[in-house]
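The structure appears right after this line, and notes come after that.
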Amino acid sequence: MQTSQDHALLLEALSDKVLHQLPQAVWTHLFLGAERDSIRFEQRNLTLVHADADLPAAQAGGATERFYQELQRLNIRHGGRLDPYVDATALVTFEEAGSAVRMAMELQGASGDLPLRIGVVSGPCTLAFFRAQGRLWCTPLGSQPARAAEVAATAKPGGIVISPEACDPAQRPARPREDPRAAEDFRDSEMDLSTLAGSTHLRSVDILLA
């Protein structure tokens, strides 16, 4: 259960994260106005996919535009949440590790000649939900987003690095018993990664040692 101090620290972390992403008037209304009451935090065990690359300037019909179109399509297909407040090419959160790994594989396969580096990690993560500009937004907080970025940075261009707990159900924290999704037990993610890698044009898929 969150204490008032925990809540204050989470508010500060959220404020810092979106400060330079939101217009000043929107930020003020969110944290100092009526929409402050819309902010809530949830602790969940999630899998994060962090993708980063030096993309060329976006041009109509260019490689960057096609990449982001494919990113949106794959995100919808695999049921992820794209983080709109990340200083990277993409950060996507997933409830199911298997869906995250599959999206990472397909995204890298669709990146073409773009020097995309992808990292996949799983673990406890705080999700911040809030309403701004008439829409409900969601963004992850805590150490996992930074860890996902660090793992992605170790990947070769055109490659993927997957943390051990993202591909081994035994290393992931169990979901709370009251969570109705617990019965699924991440069975969706128990897969042969070499088979998946062979189905896409990947330059490398590495699994970190525990």
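The values are calculated or read from the model by the stated rules, or taken from the named source; none is laboratory data. Quick caveat: nothing in here was measured; it's all calculated off a predicted structure. Neighbour counts are summed over all protein chains in view; Cβ atoms, including those assigned to glycine, are modelled from backbone coordinates with ideal geometry.
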Open item on the list: Suppose we filter the stretch 30-49 for residues that are surrounded by 15 or more Cβ atoms within 10 Å (Cβ to Cβ), assigned to a strand (DSSP E or B) and acidic (Asp, Glu); how many remain?
Closed with: 0
Task: Condition check for Arg147: of a type in the set (Lys, Arg), within 24 Å of Gln21 (Cα to Cα) and assigned to a helix (DSSP H, G or I) - done: yes
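Residue by residue, here is whether (1) of a type in the set (Ser, Thr, Tyr); (2) over 11 Å from the mean Cα position of the chain (by Cα); (3) part of a strand (DSSP E or B) holds:
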| site | (1), (2), (3) |
| --- | --- |
| Thr64 | yes, yes, no |
| Tyr68 | yes, yes, no |
| Leu71 | no, yes, no |
| Ala88 | no, no, no |
| Gly109 | no, yes, no |
| Val121 | no, no, yes |
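Taking Phe67 as the residue in question, decide whether it is over 23 Å from Val120 (Cα atoms) and either surrounded by 12 or more Cβ atoms within 10 Å (Cβ to Cβ) or in contact with a Cys (Cβ under 6 Å, 6 or more places away or on another chain) (or both).
On the way: over 23 Å from Val120 (Cα atoms): no; either surrounded by 12 or more Cβ atoms within 10 Å (Cβ to Cβ) or in contact with a Cys (Cβ under 6 Å, 6 or more places away or on another chain) (or both): yes.
Here the answer is no, as Phe67 does not meet what is asked.
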Task: Residues located in the stretch 1-29, provided they are touching a residue at least 60 places away in the same chain (Cβ under 8 Å) and either assigned to a helix (DSSP H, G or I) or more than 21 Å from the chain's Cα centre (by Cα) (or both) - done: Leu10, Ala13, Leu14, Lys17, Val18, Val26, His29
Open item on the list: Pairs please, first residue from the stretch 76-97 and touching a residue at least 40 places away in the same chain (Cβ under 8 Å) and crowded, with 18+ Cβ neighbours inside 10 Å, second anywhere and assigned to a loop (DSSP other than H, G, I, E, B) and aromatic (Phe, Trp, Tyr), Cβ atoms under 7 Å, 6+ apart in sequence or on different chains.
Closed with: Glu96/Phe186; Ala97/Phe186
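Within the stretch 69-118, can you find the residues that are of a type in the set (D, E, K, R) and at pLDDT 90 or above?
Hits for the stretch 69-118 are Glu70, Arg73, Arg77, Arg81, Asp83, Glu95, Glu96, Arg102, Glu106, Arg117.
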TODO: Name the one entry in Gln43, Gln59 that is modelled with pLDDT under 85 and either among the small types (Gly, Ala, Ser) or more than 19 Å from Gly159 (Cα to Cα) (or both).
DONE: Gln59
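Output yes when any residue across the stretch 126-133 is in contact (Cβ under 8 Å) with a residue 40 or more places away in the chain, within 24 Å of Val161 (Cβ to Cβ) and crowded, with 22+ Cβ neighbours inside 10 Å, and no when none is.
No, the stretch 126-133 contains no residue that is in contact (Cβ under 8 Å) with a residue 40 or more places away in the chain, within 24 Å of Val161 (Cβ to Cβ) and crowded, with 22+ Cβ neighbours inside 10 Å.
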TODO: Being at pLDDT below 85 and under 15 Å from Cys125 (Cα atoms) is the filter; apply it to the stretch 1-22 and report the residue that is surrounded by the most Cβ atoms within 10 Å (Cβ to Cβ).
DONE: Gln2
Open item on the list: Looking at the stretch 102-156 only, could you name the residues that are of a type in the set (Phe, Trp, Tyr) and within 29 Å of Gly62 (Cβ to Cβ)?
Closed with: Trp137
